[in-house]
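Report on one structure; see the data block that follows.
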Amino acid sequence: ENLPDEGIFLWNFGDGSFSNKSNPSHTYSKSGRFEVMLSHSSMGGGNIRNKPSSDLIVINEAPEADFVAQAQNFDGQLPSVHFENRTVGGRSYQWDFGDGVTSDVAHPDHIFRRKGTYKVELVVTNASGCVDRKEREVVVAHDYNLLAPEAFSPNGDGTNDLFIPEALRDLDLRFKLAIYDRSNGELVYETTDATKPWTGRRMNRGELCKPDTYVWVVEFPDALHLSDTPFQGEVTLVR
């Protein structure tokens, strides 16, 4: 039955909480079954009516989101942060690492490529559709871009004659390195072999490329936490 907006209202939400608003909202702090009752009286003091809800309100138990971040730096791999999901009652997970990258993996690994303080948020949903969030800060002390040199000089003197991001020599991951002429976007070299760095020549054959700044891009097709966003940077060829 519809009631007028005028009058005196008293809502009993069944958990010890009350409201005298005509159309209140209420948040239950715990799960359970609650009978909601409404008492309404007209402004004249008559027509007092008690109207219990026709159905009990069932509040499902919410998940409890929680996680810890564990830094991992070891030889032969990328320096990454492992996120251990300690959520209770979760069914699906959505991570936001604070650097534009997201994940729906339960226990993801992530590489922060630039130093800074990142707010990492985990949003958890359980089987009933209830949601909980947890946010923690991760502090990254140093930039990381595969330990790539910023310049090299392929002049045959035996010093700094070759270019390759140094981390690729030690990684146990399949990769593809591509190098482009920044001025026109032309591909000048590519390789999937860390023992074949760029010599400064077009496709490592013929004459040396002109002294200039070139763009390099590295992709890791097999690493799920790296496949979406390639590493990239610039290297200057000098003589």
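See the values below:
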quantity	calculated
Potential lengthening between Arg169 and Glu150 on full extension [0.36 nm per residue; Cα-Cα distance subtracted]	5.2 nm
Rounded Å value of the spacing that divides the Cα centres of region 118-142 and region 150-182	37 Å
Neighbourhood net charge (12 Å Cβ-Cβ; Lys/Arg +1, Asp/Glu -1) for Gly89	-2
Label-point separation in nm, Thr195 to His142, each point 7 Å along Cα→Cβ	2.8 nm
14 Å beta-carbon shell around Ser31, net charge (K/R +1, D/E -1)	-2
Isotropic mean projected area of the C-alpha convex hull, region 67-140 (nm²)	4.9 nm²
Where Cα atoms sit under 26 Å apart: lysine pairs in the chain separated by 8 or more or lying on different chains	10
Spacing of the two label points (7 Å from each Cα toward its C-beta) at Glu207 and Arg182, in nm	2.2 nm
Fraction of alpha-carbon pairs over 22 Å apart in region 151-237 - percent	23 percent
GluC sites (Glu not before Pro) within region 128-174, DSSP loop, no more than 16 other Cβ atoms inside 10 Å	Glu150
Amide N of region 119-136 lying under 15 Å from the label point, which is placed 7 angstrom from the Cα of Arg91 along Cα→Cβ	124-132
Pairwise FRET efficiency - Thr27 versus Val68, Cβ, R0 = 25 Å, nearest 0.05	0.35
Rg(Cα)/(2.2 N^0.38 Å) for the chain, N = residue count	1.72
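Read-outs throughout are calculated quantities, based only on the coordinates presented, and are distinct from any laboratory measurement. This structure is a prediction, so every number in the text was calculated from the model and none was measured. When we count neighbours, we look across all protein chains shown, and the Cβ atoms used for this are built from the backbone with ideal geometry, even at glycine.
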